[in-house]
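Data block below; observations after.
What follows is calculated from the coordinates using simple rules that are stated; it is not laboratory data. Please read these numbers as outputs of a predicted model, since none were measured by experiment. Here the Cβ positions follow ideal geometry from the backbone for every residue, glycine too, while neighbour counts run over all protein chains shown.
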Amino acid sequence: MSIFDYLERYNYEQVVFCQDRDAGLRAVIAIHDTTLGPALGGTRMWTYATEEDAIEDALRLARGMTYKAAIAGLQVGGGKGVIIGDPKKDKSEALFRAYGRYIQSLNGRYITAEDVGTTEEDMDHILMETRYVTGVSPVFGSGGTPSPMTGYGVYKGMKAAAKFAFGDDSLRDRVIAVQGAGSVAYALCQYLHQEGAHIIVTDIYQPHVDRMIENWGVEAVPPDHIYDVDCDIFSPNALGAVVNDQTIDRLKCKVIAGAANNQLQDEIHGEILMKKGIFYAPDYVINAGGLIHVADELYGYNRTRVMQKIERIYDNISRVFQIAEQEQIPSSIAADRLAEQRIQALGRVKSTYLQQERSVLSFDRR
Ligand SMILES: NC(=O)C1=CN([C@@H]2O[C@H](COP(=O)(O)OP(=O)(O)OC[C@H]3O[C@@H](n4cnc5c(N)ncnc54)[C@H](O)[C@@H]3O)[C@@H](O)[C@H]2O)C=CC1
Ligand SMILES: O=C(O)CCC(=O)C(=O)O
């Protein structure tokens, strides 16, 4: 499909290509929808096999952010950035400052944050060039790294999904297969361990697995075996597109609930899960904790307010499953409808002319 056909199909607003030869920057910023407010979403740094892969990733992730913000009840829209490069080798202050200048040129239409491959320190470099960045160091007014908040939200959403699937939201003695043992999974497993779940974990990076074995005595399996594990809940916390034609028939779980963005390879996989009787907690509903956390910086970070909003993920997941059950549609479609309803309703409200539109962008951290 041509890029413009793709943009038209999902109604994207803008795609920006950023290049700086001296700094070694090649990046794409995708802005999907700004009806609810400025597009907010992290920047991923990754060794993409092709430029097309990078563009596609930015586009898919940006759209997910629109829906994530809408269901979480936030006053921001959806966007995402990707930087092409190896986060272990290609980072420099110059690279992130060059990128920050492109963000500044968008004048608040896009606000960035951390994502896979980027850190608080990288956001601090971006902050030297633009105030349109969150997930910075706490000394600049953030609440610190978002992963623990995402992990907590996934835990809450998983309990809501368990209630629907098993009639009880306790995770005690539930067998939970966790794919990825990185920062979100670590926070999630801390709650699961406290509640007495049986955790089976995998990661391609052995030190992350070892950390969980040492702390909580979890069981570990090789990366590809995670799809075959006999479990109640499968929790993807590593990559996108893990629910696909190759894996779907191998899954033995009753619930899928994890942090990874874009877990379904295609829309059809949501339908297949429904037919197989697997309760899928839509990724952008359950993993909104990090977004809620970074978005709060725009108001002057307040942890109590953030926790209150993250607690609502339980209700949001329950609501999605209720709609799916009532209308006999996949939970992924139910979530899309819920998000689209809010965007449409507020789009109409916003069409009334105001001389000075009130905006979250009244914040200034410097
Ligand atoms: N950090 C956050 O606040 C948020 C993260 N997410 C998503 O959650 C997922 C996890 O994020 P983080 O924990 O921050 O990332 P991370 O980079 O700390 O952890 C990811 C882990 O997955 C492992 N991994 C990669 N490929 C794998 C494979 N094939 N099999 C098993 N393990 C594999 C990595 O070795 C790493 O340990 C990502 O998809 C991210 O986009 C979504 C919302 C917010
Ligand atoms: O968690 C973050 O750093 C920001 C939110 C985001 O980019 C995401 O939820 O994917």
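Going by alpha carbons, how many degrees (0 to 90, nearest 10) lie between the helix axis of 206-216 and the longest principal axis of the chain? Rounded to the nearest ten degrees, it is 60. Taking a temperature of 4 °C and a viscosity of 1.567 mPa s, what whole-number D in µm²/s does Stokes-Einstein yield for the chain with Rh from Kirkwood over alpha carbon pairs? Diffusion coefficient, whole number: 63 µm²/s.
Fully extending the segment from Gln308 to Glu195, taken as 0.36 nm per residue of separation minus the present Cα-Cα distance, adds 38.6 nm. The trypsin sites (Lys or Arg not before Pro) of region 34-123 meeting both criteria, a DSSP state outside H, G, I, E and B (loop) and at most 10 other C-beta atoms within 10 angstrom of the site's C-beta, are Lys88, Lys89.
Under 8 Å for C-alpha pairs, at least 6 residues apart: give me the relative contact order for region 184-297, rounded to a whole percent. Mind dumping the intermediate values first?
On the way: 147 pairs, mean separation 21.9, N = 114.
Computed value for region 184-297: 19 percent relative contact order.
D by Stokes-Einstein for region 7-74, Kirkwood Rh over Cα pairs, 20 °C, 1.002 mPa s: 166 µm²/s. Over region 237-324, all Cα pairs binned in 10 Å intervals from 0 give whole-percent P(r) values of 16, 43, 27, 12, 2, listed from short to long.
Computed from Cα atoms, the angle from the helix 51-71 axis to the main principal axis of the chain rounds to 80 degrees. Compared with the dominant Cα axis of the chain, that is its longest principal axis, helix 313-327 is turned about 70°.
Using r as the Cβ-Cβ distance of Ile204 and Phe17, and R0 as 30 Å, what FRET efficiency do you calculate, to the nearest 0.05? Please report the intermediate quantities before stating the final value.
On the way: r = 31 Å, r/R0 = 1.02.
Result of the calculation: an efficiency of 0.45.
Hydrodynamic estimate: the Kirkwood radius of region 164-263 over Cα pairs, inserted into Stokes-Einstein at 10 °C and 1.306 mPa s, corresponds to D of 119 µm²/s.
Helix-only arithmetic for the chain: the sum of -39500 (n - 2.57) across DSSP H runs with n ≥ 4, divided by the residue total, places the mean residue ellipticity at 222 nm at -13000 deg cm²/dmol. Taken over the alpha carbons of region 109-204 as equal point scatterers, the Debye sum produces base-10 log I(q)/I(0) values at 0.10, 0.14, 0.20 Å⁻¹ of -0.37, -0.63, -0.93.
Each of Leu40, Val175, Pro87 was scored by the projection of its Cα onto the charge dipole of the chain, and the greatest displacement toward the positive side belongs to Leu40; charges sit on the C-beta of Lys, Arg, Asp and Glu. Shape index of region 147-340: Rg/Rh, with Rg the Cα radius of gyration and Rh the Kirkwood radius from the inverse mean 1/r over Cα pairs, equals 0.95. Put a dot 7 Å past the Cα of Lys350, heading toward its Cβ, do the same for Phe4, and the two dots end up 2.5 nm apart.
Ordering Val285, Ile343, Met1 by Cα displacement along the dipole of the chain toward the positive end leaves Ile343 in first place; charges were set at the Cβ atoms of Lys, Arg (+1) and Asp, Glu (-1).
Return a single number: how many Lys pairs in region 147-340, at a sequence separation of 8 or more or on separate chains, have alpha-carbon atoms below 16 angstrom apart. Spell out each step's value before the answer.
On the way: Lys156/Lys309; Lys159/Lys254; Lys163/Lys254; Lys252/Lys275; Lys252/Lys276; Lys254/Lys275; Lys254/Lys276.
Lysine pairs, 8 or more places apart or on different chains, close enough: 7.
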